[in-house]
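We did not get these values from a lab; they are worked out from the coordinates using the rules stated. As the structure is a computational prediction, the values presented were derived from the model and not from experiment. Glycine gets a Cβ as well: all are built from the backbone with ideal geometry, and neighbour counts include every protein chain shown.
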Amino acid sequence: MVDIAFGPEPGKRPDAGTPGAAYLAATRRKRLYGGVLFVFFAASMASGFLVAQERNAGGFLDGLHRLDDFPAEVLTEAWDKRANLPGLMWQNAGSLLETINIALVSTLLGVIGAGVLSLLITRGLARWPRLIGLLRRVTDALRAIPEIVIALVLIYILGGGPVPAMIAITIHTLGVLGKLFSEVAENADLRPVEGLASVGATWAQRMWFGVIPQVAPNWLSYALLRLEINLRASAILGFVGAGGIGYELKIAMQWGGGRYDQVVAIFLLLFLTIVVIDRLSDHWRHRLVKGS
Amino acid sequence: MTTIPYAPSGAEALLDRLRRRRRIALAIPALLLVYLGYVVLAFDIPGLAQRARMENAAILLSDFLSHKVHVTRDNRSGAVSAAVEGEAKGRYPDGSYPDWVRVQGAVTTIDLGAGHVVTYDPAGARYVVPGYGTIDIAPEGGGLRLTAPLPLPDWISATDNRVSVTTAQGRFAYTRAKVETFRYFPGWELFFFTLDSPFHGKGPLELAGLVLWGERVDPARANIAAMAGDFWFNPMWRHGDVAWAIFETMLMAILGTFGAAVLSLPLAFLAARGVNPLGPARFALRRVFDFVRGVDGLIWTIILSRAWGPGPMTGALAILITDMGSFGKTFSEAVENIDEKQVEGIRSTGANGVQRARFGMLPQILPVLLSQVLYALESNTRSATVVGAIVGGGIGLLLTQAIQTQKDWEEVCYYMVLIVLMVMAMDSLSGWLRRKLIKGA
């Protein structure tokens with residue numbers, strides 16, 4: 001057998017005398033490749049960092065000792081005026097609500113839209129199978145446009161406020177959830193759909209009664225994760241001019257010293273909200289995934 | 001003998017449950033509708049229709065895909081000049097004009113197409129609009145005298161000091177200081193070469209001919225080098241700067257994502273039950289991850305830009321810190337969910353803690369980690385655009401600057417296309433790496 005596999009010359013055969021040698025050689029080669037790859041990765045990361053540092057206003061080491069200057073300055077001032085904090089937090093509760101509303105509405109609209117979109121781009125479920133390719137490209141494009149691009153253009157047309165941010169986040173959510181939802185729907189059992197088709201159900205009825213009950217837990221779990229992400233996005237978009245708590249934060253920051261109690265109050269509100277929504281969504285997602 | 005009673009209560013209970021379910025099924029959409037109704041009021045969507053400036057939308061859409069050429073006469077000196085978008089970098093060299101502008105002595109004739117003709121002469125200016133008549137403007141005393149068929153249509157606006165006319169062919173404005181005519185053209189102006197480049201206005205075949213066998217336009221440089229240079233340093237579109245900005249944004253995303261992955265891996269091990277026996281240390285580490293995630297990228301970006309100033313490194317570090325929170329959490333969950341048997345096997349050979357982690361745990365979690373990191377890479381490319389807008393680096397900065405000028409919409413469109421292409425490229429790259437590195441994913 002060995003003759004057939006490696007030829008009759010003894011030099012080409014594996015040496016039967018030392019059975020571990022080939023294995024060790026293979027391991028050594030693998031380690032060498034791994035090592036080379038690692039060195040390459042480390043070198044490119046380091047050089048990338050150096051390029052980034054060179055194009056930055058301040059170098060890494062120069063700035064390192066200044067890292068805590070700003071937080072310290074803000075916190076000392078806020079500590080001196082700590083009596084104002086509850087009042088300021090209450091004052092900003094309205095804009096916090098706006099930020100939360102932006103996140104909630106855009107997630108809600110995004111989930112509804114993405115539910116339909118995802119069924120239209122799933123093979124085996126699509127209403128118009130010929131459109132699958134086109135609609136998938138559309139989904140990719142919706143996903144690829146960063147929210148800030150849409151928000152800034154819409155601010156120019158609609159003026160500042162929550163609506164540009166809402167539209168921007170909704171569009172992005174449509175793209176992301178459309179793709180994720182469709183991946184879930186691809187694994188749905190088709191038998192209920194066929195059963196419904198055999199009794200003459202329309203496409204909408206087949207989807208609503210045959211597919212949605214199967215995919216609902218996973219869809220909801222993705223939607224909750226998205227809510228978390230959209231809350232952060234809505235705060236950031238506020239900072240570039242689209243209303244809500246981010247905008248208040250920007251105004252307070254521009255004021256600089258003297259308004260740092262306001263900065264800290266907003267920061268606390270934002271932090272608490274994010275942590276609470278994080279926790280709630282984590283909790284519900286665990287329950288949804290365990291239930292399925 | 002016991003009888004088994006017929007229990008209608010079972011069926012009743014089932015029906016009850018169905019009824020309750022139906023009530024819930026109806027209540028949820030109703031609640032959602034009520035909420036949406038509240039939001040419509042809270043966001044003042046009815047008032048939005050009045051606040052929205054639809055003429056801005058029209059400007060934006062037409063500017064996205066077209067450009068205009070200004071033909072301006074200074075009424076004091078009488079000098080006539082033509083410039084693309086009215087910008088100094090798009091100015092036609094002195095004494096040369098586009099072919100639809102004829103300058104003969106003190107008389108300038110501008111052909112706007114479709115029979116629309118504007119004439120500047122020493123007496124003032126005239127605009128002939130087919131189907132309407134001639135709009136004649138002459139300076140008189142301290143103001144302007146307008147002669148045009150009455151009644152004046154609403155596309156002519158006239159005051160003592162300014163007359164402006166907007167038609168489908170272009171725009172015309174006369175003030176005491178200058179008279180200006182805009183003609184619109186489809187497409188992006190001077191995208192490849194500006195007017196001062198010898199390659200401007202040549203077709204692709206002609207350019208290819210110049211590269212392959214043409215005389216050197218600039219004796220010091222080969223034609224292809226001159227062409228590349230004129231394109232790269234195009235003052236209107238600044239292709240070189242834009243390429244750098246895209247590179248910076250991708251650099252921020254890559255450095256931030258992989259840096260966070262590398263730094264959070266050891267921390268994640270320390271925060272995992274089964275690796276770190278010290279309960280309080282694990283707890284503390286997890287709260288640190290929670291804190292970092294809760295503070296949010298926005299705040300980290302602000303804090304870091306105070307320390308390091310604007311630039312890509314600040315952006316990369318902001319992404320790095322934000323991602324460390326989420327990677328720390330998910331990685332340590334992955335470490336806790338591994339199969340203990342492999343670790344046991346390694347332990348039985350007398351391996352120490354680091355060796356157990358390297359050979360017992362890492363091979364199991366590596367696919368999960370890699371897939372998460374690669375997903376994050378794609379989403380961070382998008383975040384890097386936003387972070388760049390805040391810290392002032394990369395394409396995000398160029399985009400916000402272009403939007404703030406409120407006139408370079410064609411550049412905004414160009415950047416948007418580039419950003420979408422960049423994100424799509426990163427998406428395919430991360431998908432390709434995922435398929436290559438993780439078998440079965």
Query raised in the report: Angle, helix B:409-437 long axis vs. longest principal axis of chain B, Cα atoms, 0 to 90°, nearest 10?
Result: 30 degrees
Query raised in the report: Suppose every K and R has +1 on its Cβ and every D and E has -1 on its Cβ; what is the size of the dipole of chain A about the Cα centre, in Debye to the nearest 20?
Result: 1020 debye
Query raised in the report: Mean Kyte-Doolittle of at least 0.0 and a Cα length of 24 Å or more along the axis: which whole DSSP H helices of chain A meet both?
Result: A:19-54, A:93-120, A:162-186, A:212-239, A:260-291
Requested in this report: Send over the per residue convex hull volume for the range A:85-131, Cα only, as a whole number of Å³.
Outcome: 65 Å³
Query raised in the report: Which of B:Met361, A:Val51, A:Ala141 sits farthest toward the positive end of the charge dipole of the protein assembly as shown, with +1 on the Cβ of Lys and Arg and -1 on the Cβ of Asp and Glu?
Result: B:Met361
Requested in this report: Quick one: what are the phi-derived ³J(HN,Hα) couplings along the range B:236-250, Karplus 6.51/-1.76/1.60 with θ = phi - 60°, whole Hz, x for glycine and proline?
Outcome: 6, 9, 6, 4, x, 5, 5, 4, 4, 5, 4, 4, 4, 5, 5
**Report entry** Mean separation of Cα contacts under 8 Å (6+ apart) over length of chain B, as relative contact order %
**Finding:** 12 percent
Requested in this report: Rounding to the nearest 20 debye, state how big the charge dipole of the range B:239-437 is about its Cα centre with +1 on each Lys and Arg Cβ and -1 on each Asp and Glu Cβ.
Outcome: 800 debye
Query raised in the report: Which one of A:Arg143, A:Arg206, A:Arg191 has the biggest mean-square fluctuation once chain A is modelled by GNM with Cα springs under 10 Å?
Result: A:Arg191
Query - Between helix B:394-405 and chain B: long-axis angle, C-alpha atoms, 0 to 90°, nearest 10 - result: 40 degrees
**Report entry** Per-residue [θ]222 nm for chain A (sum of -39500 (n - 2.57) over DSSP H runs n ≥ 4, rounded to 500)
**Finding:** -25500 deg cm²/dmol
Query raised in the report: Angle, helix B:223-232 long axis vs. longest principal axis of chain B, Cα atoms, 0 to 90°, nearest 10?
Result: 70 degrees
Report task. Any chance you could tell me what percent of the C-alpha pair distances in the range B:239-437 go past 19 Å? Result -> 64 percent
Report summary line: Of the listed links A:Lys250/B:Lys329; B:Lys68/B:Lys89; B:Lys89/B:Lys407; B:Lys341/B:Lys436, those spanning more than 25 angstrom between alpha carbons are A:Lys250/B:Lys329; B:Lys341/B:Lys436
Query - Length released on extending from B:Gln406 to B:Trp213, taking residue separation times 0.36 nm less the Cα-Cα span - result: 65.1 nm
Report summary line: If one builds a Gaussian network model of chain A from Cα atoms under 10 Å apart, the most fluctuating residue listed among A:Ala165, A:Ala252, A:Ala57 is A:Ala57
Query raised in the report: Full extension from B:Lys89 to B:Gln364: what is 0.36 nm times the residue separation minus their Cα-Cα distance, to one decimal in nm?
Result: 93.1 nm
Report task. Please say if the range B:61-186 is rounded, prolate or oblate, where rounded means a/c under 1.5 for a ≥ b ≥ c the square roots of the C-alpha gyration tensor eigenvalues, and otherwise the choice is prolate for a/b larger than b/c and oblate otherwise? Result -> oblate
Query - Spin-label model distance (nm) - A:Ala72 vs A:Ile251, 7 Å beyond Cα toward Cβ - result: 3.1 nm
Requested in this report: Go ahead and set up a Gaussian network model of chain A, Cα springs under 10 Å, then flag whichever of A:Ala216, A:Ala21, A:Ala144 fluctuates most.
Outcome: A:Ala21
Report summary line: Between B:Asp74 and B:Asp154, the FRET efficiency computed from the C-beta separation at R0 = 41 Å comes out, to the nearest 0.05, as 0.90
Query raised in the report: Arranged from highest to lowest average of other beta-carbon atoms within 10 Å per residue, in what order do the peptides A:208-214, B:272-278 appear?
Result: A:208-214, B:272-278
